[in-house]
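As structure tokens, the structure follows; a few thoughts come after it.
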Amino acid sequence: MMQLQLAGSDRGIRPGKIICLGRNYPAHAKEMNAEVPSEPVLFLKPASALLENKGVVHIPPFSRELHHEVEMVLLVGRDGTNIPEEKALQHVLGYAVGLDMTLRDVQAEAKKKGLPWSVAKGFDTSAPISTFVPAERVRDPHALDIRLSVNGTVRQQSNTRHMIFGIKRMIAYISSVFTLEQGDLIFTGTPDGVGPAKPGDILLAELEDVGSLTVSVSRHD
Ligand code: MG
């Protein structure tokens, strides 16, 4: 199991569950022809989906359409259930930039049939993440430029200020459903501009004040 790295510390952190928000930027909800939700839309990835910086995302043989979704990722440092919004930020130990890699053809089929997204979102290598930066080093997590480039061409560019549900709200909501535990990760949703990632592509994800993540793409047949 991959250990999580926090900048300035040589002790790895064992990853727990990965909770992801869907449709957390209005422009992305629009490009997916989806309604802007009134409560956060949640799904999970297994910890086995994690991939470290400079890793390879493998497209499984049952998919022909891998998409990139660049996202700010939170590392939970303190356990909690029903965490009130005013205490939520105390539970964030660090920030990273990550990719919610998605098998869009598999997800579209699941949506059509009313089936879960676990395969489309949770396959091996579907959750690349950078090293985490300690929370105190991030000036304002709701004012960070976020960007994704494919082979040097910018495909996604936004700012975390456009998130529909901010960090306090999402932690309060998530912890009313799932007890948050040290090592859990929260993928906070992607801005617009999602699109295909093909074998041989190099993806560069960048988050202001936090850092960058580079992965390549390969087909797994
Ligand atoms: Mg996403």
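The values are calculated or read from the model by the stated rules, or taken from the named source; none is laboratory data. These figures come from a predicted structure and were not determined experimentally. Don't worry about glycine lacking a Cβ; one is built from the backbone with ideal geometry, like all the others, and counts go over all protein chains shown. In case anyone asks, the SASA skips ligands and DNA or RNA and just uses the protein heavy atoms, side chains included. Shrake-Rupley method; radii C 1.70, N 1.55, O 1.52, S 1.80 Å.
Values as computed for the structure displayed
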item: Projected-area mean, region 145-221, by convex hull of Cα positions, square nanometres; result: 7.0 nm²
item: Student exercise, the chain dipole from Lys, Arg, Asp, Glu Cβ charges, in Debye to nearest 20; result: 280 debye
item: Which of Ile146, Thr81, Ala108, positive extreme of dipole for region 72-162 (C-beta unit charges); result: Ala108
item: Hydrodynamic radius by Kirkwood, which averages 1/r over all alpha carbon pairs of region 18-219, in angstrom; result: 16.7 Å
item: Per residue accessible area of the chain, 1.4 Å probe, in Å²; result: 45 Å²
item: In Hz, Karplus ³J(HN,Hα) per residue of region 146-157 (6.51, -1.76, 1.60; θ = phi - 60°; x = Gly, Pro); result: 10, 8, 9, 10, 10, 6, x, 9, 5, 10, 10, 8
item: The chain, accessible surface, carbon-and-sulfur percent (1.4 angstrom probe); result: 49 percent
item: All aspartates and glutamates inside 18 Å of Lys112 as judged from Cα atoms, apart from same-chain residues fewer than 8 positions distant; result: Glu31, Glu35, Glu65
item: Extension gain from Ala7 to His162, taking 0.36 nm per residue of separation minus the Cα-Cα distance; result: 53.1 nm
item: Reach of Lys17 by Cα under 18 Å, taken over lysines that are not fewer than 8 positions away in the same chain; result: Lys45, Lys121
item: Residue-span extension gain [Glu136 to Leu115] - 0.36 nm each, minus C-alpha spacing; result: 3.6 nm
